[in-house]
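The values are calculated or read from the model by the stated rules, or taken from the named source; none is laboratory data. All values reported here derive from a predicted model rather than from experimental measurement. So basically every Cβ, Gly included, is an ideal-geometry build from the backbone, and we count neighbours across all protein chains shown. Keep in mind that these areas ignore ligands, DNA and RNA; they rest on the heavy atoms of the full protein, side chains included. Shrake-Rupley method; radii C 1.70, N 1.55, O 1.52, S 1.80 Å.
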Amino acid sequence: MARTRLAAFLIGMASFFSVVAGQLRPMPASGLPGDLFALGIASKIRTDCNSTASASSDFGRIMEAAPEAVLHPATPADIAALIRFSTSSPVPFPVSPRGQGHSVRGQSLAPGGVVVDMHMLGRGYHRINVSADYVDAGGEQLWVDVLRATLKHGLAPRAWTDYLQLTVGGTLSNAGIGGQAFRHGPQIANVHELDVVTGTGEMVTCSRDKRKDLFFAALGGLGQFGIITRARIALESAPKQVRWVRLAYSDVVAFTRDQELLISKHASEASFDYVEGQVQLNRTLSEGPKSTPFFSEADINTLADLASETGSGAIYFIEAAMYYDETTAPSVNQKLEMVLAQLSFVPRFVFTKDVTYFQFLNRVRVEETVLRSAGVWDVPHPWLNLFVPRSRILDFDTGVLKGILGGDNPVGLILMYPMNTAKWNSHMTAVTPPTGEDVFYTVGLLRSALSADDLERLQRENQSMLAFCDKEGIECKQYLPHYTSQDGWRRHFGAKWSNISHLKAKYDPHAIMSRGQRIFPLPSVPAASTATT
């Protein structure tokens, strides 16, 4: 019990939060055509239990579905050969790429099919090439490695996720969001060109000007149209240092008003370069750890006192960053003061820290280390990420954060911050709330289950939150979506569904790609099962 409580507290206060190559068996896996093992890629296919077991679950640890085999490709052509073989088989089998396996509801699984271990792609030669204003990165590359490579040239991509131990292809298949999205849009809005192996086995280079239907489909396309094997990503000059800031609020109205003010500012104005927000339920502050990598023990005691004095049920934080280098360092204090003078945070509740640009972008790695050392990283993660219309965020706060979650145990991180709708390209597959509003909020309920009872309770709460939104007419959209029926997927994509169905028929007519999503289910393929451990 003590370990469970300690682990819960560590997760609650977090800032954000190999495949084993076996031997090929003499006989082919029973669920795959025997001719597969006569192909030139046969030596790169693993069917041993260790290989298939490691590809049977994901970071969520909620869904399980075993593939029949795992492909270790050396080149994109190996992936294309596998896909072409599947589509030519009497019963085509599922093919799913797997980078870090950081999906949470079985999205990277290939029940009864073949998982493509993207880590092996390009093993032995360099697949990150930096130019003056863009970087070409293999879809299997980790964002942290892209950052290291570009920083050597004084450059960096403009948009990031908060966690960098993810692959380029993985985040671009979803959208890739973070605190820079208010200015630069999600990661998918910062891509010039893609190499995609489609669901027909065709190897295609596409862009806004060349095969643009596939380009826009693949960006945010949940892996439904093919596998991204290379992306050309926009770069900008990289700053050297970061003034990392947290501002505390006890009033959600002031919190959201200030966030919206900050994301309305242009780069030429006195403003932040990164804007996010967190919600700390009061029990997290009063019963959680006495210090974190950002907050000192004195800071946490002060915040706990604020929560007690105000009785607001939650403390809200604007998480922001101001970039600078040797030239702009003398003016960073003045610039920060100009920004803070426009905001309505609780007086004196300003917390700052100066770190390098790399340290700031890679900050969640520190939190991961803490959680791994406590033995609570590899646990079920029933995460729920929502895009909530600006006009309903206060209703969501009242009904969900202070209602459904009111008095909840501190078992995870809650993110809450706005983005500008205009920074999202409507041609891409990714969806935003259909309200036509110029701003919507990301709400990330990044919670962890430390027992079977925890998992059951958190999943019930997730369903209660979605039911609340439906009942109250809050037109939210899931990010990293999960639905159990095709009708749910139709409603998710809304007006885009017809075009998505057309593109699916064109680029993956046998519906073999990323079947763990179950967007276009086939009766002949077994569905993922719910994990029992």
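Structural remarks
- Of all the residues in segment 195-228, those that are closer than 15 Å to ASP508 by Cβ, among the polar types (S, T, N, Q) and in contact with a Phe, Trp or Tyr (Cβ under 6 Å, 6 or more places away or on another chain) number 1.
- Yes/no for VAL431 being touching a strand residue (DSSP E or B) at 6+ places or on another chain (Cβ under 6 Å), part of a loop (DSSP other than H, G, I, E, B) and hydrophobic (A, V, I, L, M, F, W, C): yes
- Residue pairs meeting the criteria (Cβ under 8 Å; at least 6 apart or on separate chains; first under 12 Å from ASN425 (Cα atoms), in segment 184-199; second among the hydroxyl-bearing types (Ser, Thr, Tyr) and outside any strand (DSSP E or B)): GLN187/THR161; GLN187/THR171
- MET419 vs. criteria farther than 17 Å from ASP251 by Cβ and in a strand (DSSP E or B): yes
- Residue in segment 76-99 that is part of a helix (DSSP H, G or I), modelled with pLDDT under 95 and open to solvent by 30 Å² or more (accessible area, probe 1.4 Å) present: no
- Complete set of residues in segment 335-360 that are touching a strand residue (DSSP E or B) at 6+ places or on another chain (Cβ under 8 Å) and assigned to a helix (DSSP H, G or I): LYS335, LEU336, VAL339, LEU340, TYR357, GLN359, PHE360
- The residue that is farthest from the chain's Cα centre (by Cα), among those in segment 372-389 that are β-branched (Val, Ile, Thr) and assigned to a loop (DSSP other than H, G, I, E, B), is VAL376.
- Among residues of segment 33-55, those that are surrounded by fewer than 21 Cβ atoms within 10 Å (Cβ to Cβ) and either among the small types (Gly, Ala, Ser) or closer than 18 Å to TRP377 by Cα (or both), counted: 7
- The set of residues in segment 410-438 being more than 22 Å from SER173 (Cα to Cα) and open to solvent by 30 Å² or more (accessible area, probe 1.4 Å) consists of THR435, GLY436, GLU437, ASP438.
- Residue count for segment 446-466 satisfying the condition of being open to solvent by less than 50 Å² (accessible area, probe 1.4 Å) and part of a loop (DSSP other than H, G, I, E, B): 3.
- Filter pass, VAL443 being part of a loop (DSSP other than H, G, I, E, B), open to solvent by less than 20 Å² (accessible area, probe 1.4 Å) and modelled with pLDDT of 95 or more: no
- Checking each residue in segment 107-146 for being part of a helix (DSSP H, G or I) and in contact with a helix residue (DSSP H, G or I) (Cβ under 7 Å, 6 or more places away or on another chain) picks out MET118, TRP143, VAL146.
- Check on TYR479, more than 19 Å from GLY199 (Cβ to Cβ) and touching a Lys or Arg at 6+ places or on another chain (Cβ under 8 Å): no
- Any hit, segment 310-330, residues being at pLDDT below 80 and exposed (fewer than 15 other Cβ atoms within 10 Å of the Cβ): yes
- All helices (runs of 4 or more DSSP H) inside segment 171-270 with 2 or more residues being within 19 Å of the chain's Cα centre (by Cα): 181-184, 212-218
- Among the residues examined, SER286 does not qualify as surrounded by fewer than 22 Cβ atoms within 10 Å (Cβ to Cβ), in the same structural domain as ILE404 (by the TED database), among the hydroxyl-bearing types (Ser, Thr, Tyr) and at pLDDT 95 or above.
- Count of segment 432-444 residues, restricted to those that are under 30 Å from TRP377 (Cβ atoms) and either of a type in the set (Val, Ile, Thr) or over 16 Å from the mean Cα position of the chain (by Cα) (or both), is 2.
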